[in-house]
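The values are calculated or read from the model by the stated rules, or taken from the named source; none is laboratory data. Keep in mind that this is a model prediction, so the values were computed, not measured. Here Cβ is always computed from backbone atoms with ideal geometry, including for glycine, and neighbour counts include all displayed protein chains.
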């Protein structure tokens, strides 16, 4: 039975965009990559023969590869962080709501916290958060279930510590 | 008491193990008796919840998915555009890949001259009795016997270049290869004793015409394939390219079974030097060792339909020279090949 890609698309798209966004930190680019991911999946004849159970994992494998290439654009990443930093330093634009600024600040803190993880820890953490099972992650990474658990435990701990350290610093700065 | 491994505990907390999995059963049993590990399990779950909350801050404002139908439409358009391009691209890719692979074997680094074969450039006609040379690529195996009416079944097609070369070979010599074109005495001997040519069978003439057509088609296809390099590129790659020294090389075609060197005459005409590879040479040697004799040249009436060519043997390679020139001119050029 061929894969019902329409259903996979509807069930996976939002998680996929979030996953890609945390890789490239550009909303528009995340959507573009999500579209490209599904285009590749639809074009891939082999993918069409896969049963539904593996479709989600396949989608994220394709997306991960796309994002890896995209994330290697260091210039884009640095430009983004620089832009966020410069926005934080300037006076509050009158047209931007405070909650939007707060959201952007937290988002920058998450980005900075994720950047402190190793590539492997970050990848597995994001795959798990995107809804992939341990078995799916194991298939992508070659790690055992126990090793994935160890990696996730470490990644989560470092993410929380890094984020709360940044938040604590910013809270102190804001007084 | 040994406690639960952190990785296994995390996997257990995340529901990674089926309920009846041995690892899950072991952990469950341990948790029932170990308060420390139960505390660790709770901390693990709290950490997971907090991490998920933090990650949720990093999400685009909009997660709206475009209609799936638009994606499917793009894929359908792309698929509709592919079929026409694939065959030509595939053919070009095959030609290029085979050519590159063949040259990667170092086939052009200089094949040791075979001492068992007299260098026909200087040998008199009578000494070099060699069977016809099979011209590669354009034909299905160019049959060395096909031009010899008296020989074994002419079941194979003969290349037009070979057939044309037979025009200048004497019957007494039974020379299929005009490898000695460089020898003036040899040429004189050949020209002086024109053989009584035997008329080729009609089927062979048809095959030869087909071979010409295939050769032309292959050249046309090769012209579109990415298989041509410049002389400078050939030198850079370290390729050994037989050539007529005083003529410039227009380009060098690299094909599956041979190399074609195109050189330009002062009047603008182009001659093609088709250089055979080691396999063809080996085949030639085998047939020669088996004592296959060259066929008598075809009848004069049939000769007019043949593509004029001359053959030279240079450093263990067989070079077939073709062009819009009289045969003796081609022979003179072939004699100069180095």
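Just a few scattered comments:
- Given (1) at pLDDT 80 or above; (2) over 25 Å from residue A:7 (Cα atoms); (3) over 13 Å from the mean Cα position of the chain (by Cα); (4) exposed (fewer than 15 other Cβ atoms within 10 Å of the Cβ), index of the condition residue A:116 fails: (4)
- Applying the set (1) in a helix (DSSP H, G or I); (2) closer than 24 Å to residue A:114 by Cβ; (3) within 10 Å of chain A (Cβ to nearest Cβ) to residue B:23 leaves exactly one unmet item: (2).
- Residues within the stretch B:35-58 that are within 15 Å of residue A:163 (Cβ to Cβ) and facing chain A (nearest Cβ under 8 Å), tallied: 9
- Residues in the stretch A:96-108 that are over 14 Å from the mean Cα position of the chain (by Cα) and within 11 Å of chain B (Cβ to nearest Cβ): A:100, A:102, A:103, A:104, A:105, A:106.
- Scanning the stretch A:23-34 for residues that are surrounded by fewer than 24 Cβ atoms within 10 Å (Cβ to Cβ) and facing another protein chain (nearest Cβ under 7 Å) yields one hit, A:27.
- Single match in B:96, B:71 (criterion: more than 14 Å from every other protein chain (Cβ to nearest Cβ), in a helix (DSSP H, G or I), surrounded by 11 or more Cβ atoms within 10 Å (Cβ to Cβ) and modelled with pLDDT under 95): B:96
- Every condition in (1) part of a helix (DSSP H, G or I); (2) more than 11 Å from every other protein chain (Cβ to nearest Cβ) is met by residue B:8 except one, and the failing one is (2).
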